[in-house]
Every structure is written in C-alpha cells, then in structure tokens.
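Below is one structure; the comments refer to it alone.
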Amino acid sequence: MQTTKNVLAILVLLFLSPSLHAEKRADARVTASRTYTARITSAPGKTLFVDKMQAEIEVTCSTSNEISAEATVEVSDLDSKTMEEFFTKLRFVLEPYREGFRLRLDLPTETARSKSYTGLQSLLREWFGVESRTDVSSSVTLRLRVPREQNLQIENAYGDMTVNSVTGELRLENNSGEVQIENCGGLLQLHNNYATVAVRDFAGAVNVANGSGAVVLSNVTGEAKIESSYKTVNFENIGGALTIDAQSSEVIGKNVRGDCAITASYKLIDVAHIVGRLTLNAPSSTISVLDVGKEVLIESSYKPIRVDSVGGSLTIRGDSSPVDARVIAGEADITTSYHSVRVEQVGGGLRLDGNSCEVTVLGVKRDVALLSSYKDIRVSKVGGNLDIDGNSSNVFVREVSGNADILSSYKAIEVEQVSGSLKVNGASCSVSAKNVGGEVDITNSYKYVIVQGTSGSILVRGDNSPIEVFRVAKLPPGSRIELLTSYKSVSVALPAVAELRGTLSSQYGKIRSDFPVLLTGEDTQNARVEVGSGNVGLRVETSGDIILRKE
C-alpha cells in the first residue's frame, strides 16, 4: 500500500513539473497590443448596444451619421505564441441588432498552450480532469465616435467611462470605474458602484444610482434623481425637481429650480437656493438650509438644524436637535427636545414643542403656542396671542400685541408690554407684569407679585405671596382690583382721582390708607372704601399688612 502512495506522489510531481517550470519564468512576461476597428452607418432613433465590456471607454460625437469603434487590446503573457493564439481567437464585431446595432468584443477566456505531454502526464490529466489554463492578462481601451443624437446602451465593468457631447437616450451601466458625462443631453439613466460619477452640462433628465460612490451633478436642465451611499453627493444648477436618496452620505448643493427631496443619514446636509418645496428626512444629520421659495419639511435627530429664509411654511421634527430658524414667511411648526431653539422673523404663527429646551423667539406676526420645561424661555415681538406652557422654566416676555397666557412653576416670570389681557399661573413663581393693556389675572404662591403700568382690571391670587401694585396707567369704569394672599403684605398705589368702592381685610396685620376708609369693626383690620361714584371695585385680603396709597 505504501508503495502505491509513493508512485502516485511521483506521478503528480511529473504532471506538475511544467507549472513549476513556468513559475521560474514568471519574470519573463511579454507584452503586445493590437488595435481593431469597425464602422457602420447609423440613423436617428437607433440604439448602439455595447455588451459586457471590461474596458476603459471613451465616447465622443462625430459630425457624420457613422458609428466608428476602435479597440486597443494589450496582452501580457509568458510567451508570444500564447499571445498570438489569444489575438487569433479575439472577436471584435459591430453589427445590426434589434432596433439598432451591437458592438461585441469577445476575449478568449482560456487559451490552451501547445505542449507535448508524456503518455503518463496525459493519463494523469484524464484521471484528475485537470486543464492547463492560460496566464494571459489583458486590458482594453475602447473609443467610440457616434452621431450626436445617438442612443446608447452600454454595459461595462472595472474601467472608467467618459461620454461627451451625445444627446440621445443614454442607458449606461458601469461597475468599479469612474464615469464622466459632459455636454450631453436627452435622457440619462446611469448605474455605477464604488467609484465617482460626475454629470456636467446635461440638457434633459438625469437618473443616477451609484452605490458606495460619490456623485457630482451640475448644470442639469431637467429633473434629477440620485441614489447613493457612503460618499458625498454634490449638486448645482438643477433645472427641474431633484430627488436624492443617499444613505450615510454628505449632501451639499445649491440652485434647484423645482422641488427638492432628500433622504440621508449621519452626515452633513447643506442646501441653498431651492425655488420649490424642500423635504429632508435625515436622522442624525447636521442640517443647513438657506433660501427656499416654498414650504420646508425637516425630520432629523441629535444634530443641529439651521434654516434661514423660507418663502412658505416651516415644519421641523427634530428629536434632541438644536434648532435655529430665521426669516420664515409662513407658519412655523417645530418639535425638538433637550437643546436650544431660536426662532426669528416668522410671517405667520409659531407652534413650538421643545421639551427641556432653552427657547428664544423674536418677531412672530401671528399667534405663538410654546411648550417647554426646565430651561429659560424668552419671547418678544409677537403680533398675535401668546400661550406658554413652561414647567419649571424662567419666562421672559416682551411686546405682545394680543393676549398672553403663561403657565410655569418654581422660576421667575417677567412680562412687559402686552396689548391685550395677561393670565399667569405660576406655582412658586415670582411674577412681574408691566404695561398690560387689558386685564391682568395672576395666580401664584410663595414668591412676590409686582404689577405696574396696567390699563385694566387686576386680579391676583397668591398663597403666601407679597403683592405690590403701582403706577396704574388707567382704571376703566367697571374694572376691578382683587388682591388676595396670606401672611404677606399687600401694597397698592392708585391714581389719586380713582373712584373706588370695596373692602380691605387683614387677619393679623394693619391697614394704612391715603384714601378715606370706614372701619367696620373695633380694630383696624377691616375697612370699607368708598370714593366718588365707586365705579372701580376694590377687594384686598391678606393675613399681613395692607397699604393703600395715592399717586
């Protein structure tokens, strides 16, 4: 048995000896090239099909109606005889096909070497089924000149492709090679992988799919669609609508004459000068938007969102995204959390839901509805009504043309210049209200309430809250002043000409008044006030001191 194994081993070595000898000659490769040409007359509407090439391809236009093809094939091998066999078997054919023409380059995939085998080697080849494969390596450069309005359908791989000045239906498929399309037109459908695609100066519609490759589009007169991943997408001067689906890709571009829709993730989105509508769905992407003619819709998360100059409405859905939005012609609707929000110059109304966000709002022409918590809220120059729900937030409000309704807790509330009425519910909040044109209605506890410069009724309900009212601008007939608290003092300064009717009541404190009062008991803790016609109602109740002054 051992003898049989030894014999077989010797036989295998004998069979493999030509291969071993070839390895010794590996550094003696020979290179040669041949050029093949073909021509055919084309016609409008015809398509040139180029089948399954692996070549560097250059396509340019000619002034004639003829298709001319030139292929340069370079071959490298161990000996010239094998290369001659390769060139002999190669086929380069340009022929009529379907509704046009087909170009084929058939390269031999195997070329048997002319070798004399011993009878024993031949027997082993028969036993083991082993074939001798060529070591030929080849490269191809294909140059095509076609009529300017020629349709193209090209399949290629592992080589670059350029097409220049052709205006037909261009259906191009490449793999692992760069593609450049310049000064072309008609219709472009292009598929590539793993390398850059650049389309410049195209008169017509463009559809590009490029997996794991960068995309550059510039000066496209029609609509454009891009599918890409992991590499940057750049665009400029798109004449129609633009749609981009770019997973994990940076997207940068400007100047789109139609609508623009972008789906991306994790990388920067920076777009500017969109005439139509802009839609962005880009989770975990930093977003910068400048100058959009119509409405903008953004969905993102965790990264900053900046929007400047929108001709329509703005909607942002940002999970944990900082937001900076400025110069919005229409309505603004913003949702985010945990980061700062700044909104300026909104031509419509504003709805903002910003859980745990620091909020700054400046210049909204219509109503504002704002929800936040725990961080400062600053609002100024509101043309309509203002509604704030700010749990545990400092609230600072200035210049509201309509009514203001504020809810918060534990922090300061400061309001100045409200043309309409003011309502505040601030548990454990200090409250300052200044220059309010309508009724003031404040509920709070444990912190001071200061009201000044008002022109309507004043209602304050404070639990353990000091209350101070002064510099009242106006007391319309039928208005009322009700100041109710406990254990703390109440100080009221009213115009000397005020005509009052009401009561002052202190459970434990003293009452001091510049206006004439009538004591209703044996002590100085309850009194009635009646001055003039009494067309302004007055009611003050506390457990502390009461001071009623003229000013």
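Per-residue answers, yes or no, for (1) over 18 Å from Gly462 (Cβ atoms); (2) of a type in the set (Gly, Ala, Ser); (3) modelled with pLDDT under 95:
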{"position": "Thr485", "(1), (2), (3)": "no, no, no"}
{"position": "Ser489", "(1), (2), (3)": "no, yes, no"}
{"position": "Val492", "(1), (2), (3)": "no, no, no"}
{"position": "Asp523", "(1), (2), (3)": "yes, no, yes"}
{"position": "Val531", "(1), (2), (3)": "yes, no, yes"}
{"position": "Gly534", "(1), (2), (3)": "yes, yes, yes"}
{"position": "Leu548", "(1), (2), (3)": "no, no, no"}
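Residues of segment 117-136 include none that is at pLDDT 95 or above and closer than 21 Å to Tyr36 by Cα.
Of the numbered criteria (1) of a type in the set (Asp, Glu); (2) more than 20 Å from Ile334 (Cβ to Cβ); (3) not assigned by TED's automatic domain parsing to the domain that holds Ile458, the one Asp405 fails is (2). Of the strands (runs of 3 or more DSSP E) entirely within segment 315-380, those holding at least 1 residues that are of a type in the set (Asp, Glu), at pLDDT 95 or above and under 18 Å from Ser301 (Cα atoms) occupy 323-328, 332-337, 350-355. For segment 261-272, the criterion of being over 30 Å from Ser337 (Cα atoms) and not small (Gly, Ala, Ser) is met by none of the residues.
Select from segment 417-443 the residues that are of a type in the set (A, V, I, L, M, F, W, C), part of a strand (DSSP E or B) and crowded, with 18+ Cβ neighbours inside 10 Å and list them in ascending order.
Taking segment 417-443 first, the residues of a type in the set (A, V, I, L, M, F, W, C) are 418, 422, 424, 427, 429, 431, 433, 436, 440, 442.
The next check asks that each one be part of a strand (DSSP E or B); those that pass are 418, 422, 424, 427, 431, 433, 436, 440, 442.
Matches in segment 417-443: Val418, Leu422, Val424, Val431, Ala433, Val436, Val440, Ile442.
Restricting attention to segment 325-343 and to residues that are under 16 Å from Ser284 (Cα atoms) and within 16 Å of the chain's Cα centre (by Cα), the residue that is surrounded by the fewest Cβ atoms within 10 Å (Cβ to Cβ) turns out to be Thr335.
Of all residues in segment 20-53, those that are modelled with pLDDT of 95 or more and either among the polar types (S, T, N, Q) or not assigned by TED's automatic domain parsing to the domain that holds Val136 (or both) total 5. In a residue-by-residue description of segment 405-412, the property of being under 19 Å from His339 (Cβ atoms), at pLDDT 95 or above and touching an Asp or Glu at 6+ places or on another chain (Cβ under 8 Å) applies to no position.
The values are calculated or read from the model by the stated rules, or taken from the named source; none is laboratory data. Nothing here was measured: the structure is a model prediction, and the numbers come from that model. Note that each Cβ is placed from the backbone with ideal geometry, even for glycine, and that neighbours are counted across all protein chains shown.
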